[in-house]
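One structure below.
The values are calculated or read from the model by the stated rules, or taken from the named source; none is laboratory data. Computed from a prediction, not measured in an experiment: that's the story for all the values here. All Cβ positions, glycine included, derive from the backbone under ideal geometry; neighbour counts span all protein chains shown. Accessible surface is based on the protein model in full, side chains and every heavy atom, while ligands, DNA and RNA are left aside. Shrake-Rupley method; radii C 1.70, N 1.55, O 1.52, S 1.80 Å.
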Amino acid sequence: MDNSGNAADSPASLEPAALRPRRTAADWGWLAVLAMGVLAAGFVVGVIGPLFAIACDTCQDGVRNPRFVNALITLAWYAVPATTLGTVVGIFLPRGGARAGVIGLGALLVLLIAMVFIGRVA
């Protein structure tokens, strides 16, 4: 049996990355806009989130003293920037894109809810 066709020449043997079209300038522009949105959301969660967590309507000075202040600081100083940076890097990876941006924004929302919950539980 002579097999004149080579298996490496068939489209099924090509890597999926070779079959995907390259990103256009418009694709890069939308990814840049998404990355800026993630950076803005990371700023809001990292700076404004802890303020929401310690705000108190019934307290005399308007500030609650949470019992888990170290957990709140850890989330604000380490988890939020790491999530934001990982999301921005994931957006620009070849297999990342909008899916990585949406997952990162969801993770930032979860971190914001966790910070408010930690501040309110105390």
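Between A55 and residues 5 or more places away or on another chain, which pairs have amide H atoms under 5 Å apart, with H built 1.01 Å from N, and which residues are they?
For A55, the qualifying residues are R64.
Carbon-plus-sulfur fraction of the accessible area of region 48-122, 1.4 Å probe, in percent?
Working: 3330 of 4730 Å².
Looking at region 48-122 in its full context, I get 70 percent from C and S.
Which distance in nm do the two modelled labels at T74 and I48 give, with both placed 7 Å along the Cα-to-Cβ direction?
For the pair T74/I48, the computed spacing is 2.7 nm.
State, as an integer percentage, the relative contact order of region 51-121 based on alpha-carbon contacts under 8 Å between residues 6 or more apart.
On the way: 59 pairs, mean separation 31.7, N = 71.
This gives 45 percent for region 51-121.
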